[in-house]
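The values are calculated or read from the model by the stated rules, or taken from the named source; none is laboratory data. Since this is a predicted model, take the numbers as computed values, not measurements. Positions of Cβ are generated from backbone atoms using ideal geometry, with glycine treated the same way; all protein chains shown enter the neighbour counts.
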Amino acid sequence: MIGAEVTFDVALPKVIWGWLVSTNMWAKSIATGTFLLGLYFIKRYPEQDNFFRKWIPILGIIFIGITLLATVLDLHHMFKFWKIFFHPHFTSAVTLGAWVVSAFVIVLIISFWSWATGNKKLFDRIMIPGFILAFFSTIYTAGIMGQATAREIWVFPVEMVSMILSAMIAGSATYLIVDAIYGNILKEKIRREIGYILFGSAGLQAAIFIGELFFAKMHNEFSYKIIQILTFGEVAPFFWLGMVFTFIIPMILVGIANEYRRYRYAWIASIFALLGLWLIKHAWLIAPQSLPLS
């Protein structure tokens with residue numbers, strides 16, 4: 001075939017997707033989660049929408065910037081990323097994701113301009129396309145993982161749900177931290193609702209991981225070996241700390257915060273949730289790559 005190019009002609013000797021990809025997914029969860037939840041609270045509580053109109057673009061630009069930086073640094077041919085835009089192949093989730101995230105960046109810039117100039121109507125016009133772009137920016141990584149061959153625990157439907165829940169955990173945790181730093185300017189009912197979102201999202205995602213631990217061996221031997229690496233292998237410290245930090249501690253502390261109105265526990269829970277989210281994403285990314293494909 002004319003123009004054919006050999007990309008890999010030997011077995012992969014090491015982990016290809018490392019901590020930069022974990023950071024990419026973690027930061028993207030924060031950027032998209034704060035955007036999606038911010039839109040929800042703008043519509044639900046218009047009397048206090050100034051908080052969210054301010055922090056949606058600021059948090060979004062910071063963390064989508066970290067996402068893009070991690071992506072570029074992880075590229076094996078860093079200065080050839082322009083080919084995705086000028087010679088695209090839309091059968092690849094990587095290409096689709098690059099286009100969607102780029103469009104999402106434009107929405108974030110427009111939303112920042114809207115806040116800086118006080119032009120609320122401008123942001124209102126881009127809410128729906130922004131919601132769509134944020135949603136697909138959240139889940140496109142699940143498509144990339146789903147296209148990977150011989151990685152049985154990376155199944156697109158499950159990964160898609162997991163990415164959405166990660167965005168909800170990251171978005172709610174980030175807003176609770178920002179609110180605490182700026183002196184609890186959100187109304188109590190909003191703060192409580194954000195806490196419930198963090199609690200519920202953490203519980204649902206914990207159920208997904210626990211399900212994988214118990215039922216992976218029923219799938220095939222390869223999946224079972226991956227679970228053994230997660231629970232007892234080289235990434236076990238990341239996995240178990242991630243489980244405790246992301247799910248157990250936040251659910252307990254948010255429960256105390258909302259039940260006894262001690263909201264200082266909520267932002268502590270949020271810090272643990274964000275730290276744990278990176279750890280568990282890293283473990284889930286590395287474990288399948290630790291086994292040979294044949």
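Here are a few things to note about the model shown:
- Filtered by the rule that a residue be among the hydrophobic types (A, V, I, L, M, F, W, C) and touching a Ser or Thr at 6+ places or on another chain (Cβ under 7 Å), the range 194-208 gives I194, I197, L198, A202, I208.
- The residues in the range 155-168 that are crowded, with 18+ Cβ neighbours inside 10 Å and touching a Gly at 6+ places or on another chain (Cβ under 7 Å) can be counted, and the count is 3.
- Just one of (1) touching a residue at least 60 places away in the same chain (Cβ under 8 Å); (2) more than 18 Å from P157 (Cα to Cα); (3) not small (G, A, S) fails for F214. It is (1).
- Number of the condition not met by L122 [criteria: (1) over 13 Å from the mean Cα position of the chain (by Cα); (2) under 20 Å from T32 (Cβ atoms); (3) assigned to a helix (DSSP H, G or I)]: (2)
- Positions within the range 237-281 being under 21 Å from Y224 (Cβ atoms) and either surrounded by 22 or more Cβ atoms within 10 Å (Cβ to Cβ) or aliphatic (A, V, I, L, M) (or both), in sequence order: F238, F239, G242, M243, I280
- Contact map, the range 90-101: first residue farther than 15 Å from T138 by Cα, second residue buried (at least 18 other Cβ atoms within 10 Å of the Cβ), Cβ cut-off under 7 Å, separation 6 or more or different chains; pairs are F90/L96.
- Among the residues making up the range 102-130, a single one is touching a Ser or Thr at 6+ places or on another chain (Cβ under 7 Å), over 24 Å from T141 (Cβ atoms) and crowded, with 18+ Cβ neighbours inside 10 Å: F123.
- Of all residues in the range 130-151, those satisfying the criterion of being of a type outside the set (G, A, S), part of a helix (DSSP H, G or I) and touching a residue at least 24 places away in the same chain (Cβ under 8 Å) are F131, L133, F135, F136, T138, I139, Y140, T141, I144, Q147.
- Lone unmet requirement of (1) more than 20 Å from W278 (Cβ to Cβ); (2) in contact with a Pro (Cβ under 8 Å, 6 or more places away or on another chain) for F214: (2)
- Unmet criterion (only one of (1) crowded, with 20+ Cβ neighbours inside 10 Å; (2) under 27 Å from R192 (Cβ atoms)) for T67: (2)
- Only listed residue being surrounded by fewer than 20 Cβ atoms within 10 Å (Cβ to Cβ), at pLDDT 80 or above and out of contact with any strand residue (DSSP E or B) (no Cβ under 8 Å at 6 or more places or on another chain), chosen from I84, I62, I2: I62
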